Amino acid sequence: MPKPRIDFWLLLPAMCLSLLGLLILRSIVPELLANQLLFFAVFVIIFILFSLVDYRIIFSLHLLVFIVSLVFLVLPFFFGVPSRGAVRWLQLGNFSLQPSEVVKPFLLVTFVIIATSQLPRKILLLILALAAPLLIIFLQPDLGSAIVLFVGWFTIFLSLVPPYKFLPLGLVGLLLFFPAYKYILKDYQRQRLMTYVNPYADPLGQGYHIIQSLIAVGSGGLFGRGLGHGTQSQLRFLPEHHTDFIFASLAEELGFAGSLVVIILLLSLLWRIYRISQQTSDPKAALFCLSAASLLAFQAAVNIGMNSGLVPITGITLPFLSYGGSSLLSLAITLGLIHSISLSSRSYNFPKG
């Protein structure tokens, strides 16, 4: 029996999430729908290209990929467009590209190769490989992307160091961070932490975002107000309603039922990626899948938690749903590599247990 050339159980949740994102964007920002459709078309093309290329070729070029990624990350400092005190984007005609988003899957490839190699002192090499891009991203500044990249790296790090060995060191580092956070974080980042503790201390200023998000999520009820009828998003009370707070916009218009569909689709995608990591016989491929899954899971959990008032506002977008091309491009590369891994593994059937 011929092997199927498409892993539908990987592709279907991603496509459904993307289409749901297009549906919500059409409702809340119809003027941006054409741009997002273009981004989606690019997503499909890039996904197909990386699916057709054997992932082992990309993995074999890890050193070149790492160097190019660092150069790409530095470009915004010289050619970037300043926005809100940050320099994170490159202007390409009418569109902006965020290098810190695009390079994530490529950096994961480098981390995986180091972790699975026979190199001496590979733990130290793994730490140094993270330090360079993390510092560049942090200086842009882009705390959200830095945290997401660290989560993907940390999953790989756990494959080398058992938790009980670094847990005491991690606790010490956490204790040292609290008195030093004033010097590490920017003013607006410190204000976000304070707002998380008590958003109503400044309801028209720093607390405005989270308060409006909570109103939007709560007003959606069980089945929502209906597409085009969400007051917080339609009347622009909810800031960043098409990017950082798109989950709140969705919850208002489609309610708890729509929110649950999004969460189920995300969990289905993550479960399939995990199963692919268990099916492949290549330890590098398995570790890449696990690190990518943890990265996606963290992004989704933080964004949904941020929209629900459970975590501080960090500027982390919701995969597949938030408006923007850089995130979709990064997702296309990541899923393309995972799809290539899936097609090269021995089993392609969705497991029943």
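The values are calculated or read from the model by the stated rules, or taken from the named source; none is laboratory data. Quick caveat: nothing in here was measured; it's all calculated off a predicted structure. Glycine also receives a Cβ, built like all others from the backbone with ideal geometry; neighbour counts cover every protein chain displayed.
Taken together, the residues in segment 112-143 that are surrounded by 20 or more Cβ atoms within 10 Å (Cβ to Cβ), closer than 15 Å to LEU73 by Cβ and not aliphatic (A, V, I, L, M) amount to 3. Against the list (1) free of Cβ contacts under 8 Å to residues at least 12 places away in the same chain; (2) surrounded by 13 or more Cβ atoms within 10 Å (Cβ to Cβ); (3) over 19 Å from LEU328 (Cα atoms), the condition ILE67 fails is (2). The condition (being surrounded by 19 or more Cβ atoms within 10 Å (Cβ to Cβ), touching a Phe, Trp or Tyr at 6+ places or on another chain (Cβ under 8 Å) and in a helix (DSSP H, G or I)) is satisfied by just one residue among ALA257, ALA300, ALA286, ALA293: ALA293.
To keep it simple, each residue is scored yes or no on (1) modelled with pLDDT under 95; (2) under 30 Å from SER159 (Cα atoms); (3) aromatic (Phe, Trp, Tyr).
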site: VAL217; (1), (2), (3): yes, no, no
site: ARG236; (1), (2), (3): yes, no, no
site: GLU240; (1), (2), (3): yes, no, no
site: PHE245; (1), (2), (3): yes, no, yes
site: LEU269; (1), (2), (3): no, yes, no
site: ILE273; (1), (2), (3): no, yes, no
site: ILE276; (1), (2), (3): no, yes, no
site: THR280; (1), (2), (3): yes, yes, no
site: ALA292; (1), (2), (3): no, yes, no
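Just one of the listed residues (LEU63, LEU75) is farther than 30 Å from LEU250 by Cβ and out of contact with any Leu (no Cβ under 9 Å at 6 or more places or on another chain), and it is LEU63. None of VAL42, VAL53, VAL87 is surrounded by fewer than 20 Cβ atoms within 10 Å (Cβ to Cβ), on the phi < 0 side of the Ramachandran plot and touching a strand residue (DSSP E or B) at 6+ places or on another chain (Cβ under 7 Å) except VAL87. Does LEU107 fit the bill of being in a helix (DSSP H, G or I) and among the aliphatic types (A, V, I, L, M)? Yes: the conditions hold for LEU107.
Restricting attention to segment 243-296, the residues that are of a type in the set (S, T, N, Q) and touching a Pro at 6+ places or on another chain (Cβ under 7 Å) add up to 1. Within segment 204-233, residues that are touching a residue at least 40 places away in the same chain (Cβ under 8 Å) and on the phi > 0 side of the Ramachandran plot sit with their Cβ atoms under 7 Å from residues that are assigned to a helix (DSSP H, G or I) and of a type in the set (Ser, Thr, Tyr), at 6+ positions apart or across chains, in these pairs: GLY228/SER27.
Scanning segment 214-238 for residues that are of a type outside the set (A, V, I, L, M, F, W, C), assigned to a loop (DSSP other than H, G, I, E, B) and crowded, with 16+ Cβ neighbours inside 10 Å gives GLY220, GLY224, ARG225, GLY230.
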